[in-house]
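Okay, so here's the structure we're looking at.
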Amino acid sequence: MTMNATGLMAGGPLDGQAVELHPAQDRDGMYGVLTGRDVDNPGEPAYVRDCCGRWVWQGKPWPTD
């Protein structure tokens, strides 16, 4: 049995949530896909792991209200 990694998401709809990652997502450093009319680059990853290991939202600023 393979243990899946978890990532703590920063920003966007999953802000502050720990998400279970498929091994390929963990390896590639990408999670989810951006979709919708207001997306500049549909199909791009929604979250990307940065050089410090943080999972950062790639979409437009998410409303905090």
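The values are calculated or read from the model by the stated rules, or taken from the named source; none is laboratory data. Not measured: the values here are computed from a predicted model. Positions of Cβ are generated from backbone atoms using ideal geometry, with glycine treated the same way; all protein chains shown enter the neighbour counts. What goes into the accessible areas is simple: the full protein's heavy atoms, side chains included, and nothing from ligands, DNA or RNA. Shrake-Rupley method; radii C 1.70, N 1.55, O 1.52, S 1.80 Å.
A 1.4 Å probe run over the protein chains yields, for the chain, 75 Å² of accessible area per residue, whole-number rounding. For the peptides 16-25, 53-62, 35-44, the ranking by mean Cβ contacts within 10 Å, running from highest to lowest, is 53-62, 16-25, 35-44.
Rounded to the nearest 20 debye, the dipole magnitude of the chain is 80 debye, with +1 charges on Lys and Arg beta carbons, -1 on Asp and Glu beta carbons, and the Cα centre as origin.
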